[in-house]
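Let me begin by presenting the structure, written as structure tokens, before commenting on it.
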Amino acid sequence: MTRLAVVGAGAWGTTLAHVAAKRLTDVSLWAREADVVERINTRHENTRFLPRVQLDHGVRATHDVLDAVRDRDVVVYAAPSHVLREVVRTSATCVRAKAIIVVATKGIERGSLALMTDIAEAELPGRTVVAISGPSFASEVARERPTALVAASRESSAAAVIQQVFSAHTLRVYTNDDVAGVELGGALKNIMAIATGIADGLELGLNSRAALITRGLAEMTRLGVALGARASTFAGLAGLGDLVLTCTGALSRNRTLGMEIGRGGKLRDILAQRETVAEGVVTTESACDLAAREKIEMPIVHAVARVLFEGLDPRAAITALMSRDLRSERDE
């Protein structure tokens, strides 16, 4: 019997616990917030982060992260990227040596520029690590809307285990061995969603959105290949699939943030009004640093950074992108 823990009870972590509990009989879910733990255990609902979804009664919430991960065969980390290392490190002493570690967080760590699986491997040495990603709004997965994901690992047997754990009649999980590509696709698409949201907020039309998505994918692929990923991965679920969803879906936190910026909002004010995290803000800084380190041209990423952190007028950013030197579409 597989015993599973999910560390992080935001919308995505709660959804993964809910999905797993339909197949497994012992699923623990760690939440930092005491009210989230109480409501999941008494009402079977995460009213703060996943409202109006009745959770499977097999999900047991706890405020004790060591209790959550102790003696688990699979440990899923779904904490926000900026606290992932701290959360993994705090729980490490009770994670079994043979446990499969699943990273469901999308992002690039600020400063170290580490991918999320890199963090898990550093803090939990010797464990097999799997990244899970793909085009998925948590609320739609929880409500059993048909969805496809990717489980990526250098150990094919571990990816296959996670494929079986989370696959259901409305959730199809594919396997992949390109961990870097799957992770970078999931992280970088959030920046492009901010960019398309800005364009939508400026009411620039559907042509602009299509151009930003397409050229954004080219930037993502360039950086990914420089970091050892396969270009083909960015044409799959964790690349193009997640990019299209996040850049066009009304439920996208990153696109919504971009729209507010495009309509004249200030980043500080927007973030102060939010309880949930828009990962693209942190990832924008990290992506700029990675691009500089690898000497990769990423004009959309740098334009978003200037708007978010330097106060560049969004219309001026679009004008600058449109005024760049003319070139071939293909990267030679």
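Conditions tested, residue by residue: (1) outside the structural domain of residue 111 (by TED's automatic domain parsing); (2) within 21 Å of residue 188 (Cβ to Cβ); (3) not acidic (Asp, Glu).
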| position | (1), (2), (3) |
| --- | --- |
| 261 | yes, yes, yes |
| 272 | yes, no, yes |
| 278 | yes, yes, yes |
| 282 | yes, yes, yes |
| 289 | yes, yes, no |
| 316 | yes, no, yes |
| 329 | yes, yes, no |
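In the stretch 138-155, the qualifying residues are those that are touching a Lys or Arg at 6+ places or on another chain (Cβ under 9 Å) and in a strand (DSSP E or B), and the one that is surrounded by the fewest Cβ atoms within 10 Å (Cβ to Cβ) is 148.
Out of everything in the stretch 115-137 that is more than 9 Å from residue 88 (Cβ to Cβ) and over 15 Å from the mean Cα position of the chain (by Cα), what residue ends up being surrounded by the fewest Cβ atoms within 10 Å (Cβ to Cβ)?
Here is the first cut: in the stretch 115-137, the ones more than 9 Å from residue 88 (Cβ to Cβ) are 115-118, 121, 125-137.
Imposing the further condition that a residue be over 15 Å from the mean Cα position of the chain (by Cα) reduces the set to 121, 125-129.
Values: 121: 19, 125: 9, 126: 7, 127: 18, 128: 18, 129: 22.
Out of the qualifying residues, it is 126.
Residue count for the stretch 200-235 under the criterion of being charged (D, E, K, R), under 16 Å from residue 300 (Cα atoms) and either touching a Ser or Thr at 6+ places or on another chain (Cβ under 9 Å) or free of Cβ contacts under 8 Å to residues at least 60 places away in the same chain (or both): the result is 2.
Does the stretch 292-313 contain at least one residue that is in contact with a strand residue (DSSP E or B) (Cβ under 7 Å, 6 or more places away or on another chain) and closer than 30 Å to residue 8 by Cβ? Within the stretch 292-313, not a single residue is in contact with a strand residue (DSSP E or B) (Cβ under 7 Å, 6 or more places away or on another chain) and closer than 30 Å to residue 8 by Cβ. Would you pick out the residues in the stretch 271-330 that are over 25 Å from the mean Cα position of the chain (by Cα), assigned to a loop (DSSP other than H, G, I, E, B) and charged (D, E, K, R)? Within the stretch 271-330, 313, 324, 325, 327, 329, 330 qualify. Hey, can you tell me all the residues within the stretch 197-207 that are assigned to a helix (DSSP H, G or I) and either in the same structural domain as residue 147 (by TED's automatic domain parsing) or under 15 Å from residue 314 (Cβ atoms) (or both)? Once the filter is applied, which keeps residues that are assigned to a helix (DSSP H, G or I) and either in the same structural domain as residue 147 (by TED's automatic domain parsing) or under 15 Å from residue 314 (Cβ atoms) (or both), the stretch 197-207 yields 197, 198, 199, 200, 201.
Yes/no matrix, rows are residues, columns are (1) within 18 Å of the chain's Cα centre (by Cα); (2) closer than 23 Å to residue 101 by Cα; (3) without any contact (Cβ under 8 Å) to a residue 24 or more places away in the chain:
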| residue | (1), (2), (3) |
| --- | --- |
| 15 | yes, yes, no |
| 47 | no, no, yes |
| 52 | no, no, yes |
| 66 | no, yes, no |
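Listed here are the residues, each with its yes/no results for (1) surrounded by fewer than 20 Cβ atoms within 10 Å (Cβ to Cβ); (2) in a helix (DSSP H, G or I); (3) not assigned by TED's automatic domain parsing to the domain that holds residue 51.
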site	(1), (2), (3)
162	no, yes, no
187	no, yes, yes
195	no, yes, yes
209	yes, yes, yes
217	no, yes, yes
223	no, yes, yes
233	no, yes, yes
243	no, yes, yes
246	no, yes, yes
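For beta carbons closer than 9 Å, sequence separation of 6+ or different chains, a first residue in the stretch 122-139 that is assigned by TED's automatic domain parsing to the domain that holds residue 239 and a second that is buried (at least 24 other Cβ atoms within 10 Å of the Cβ) and outside any loop (DSSP other than H, G, I, E, B), there are no qualifying pairs. Checking each residue of the stretch 278-293 against the condition of being over 18 Å from residue 220 (Cα atoms) and out of contact with any Gly (no Cβ under 6 Å at 6 or more places or on another chain) gives at least one match.
The values are calculated or read from the model by the stated rules, or taken from the named source; none is laboratory data. These figures come from a predicted structure and were not determined experimentally. FYI the Cβ positions are ideal-geometry reconstructions off the backbone, even for glycines, and counts take in every protein chain you see.
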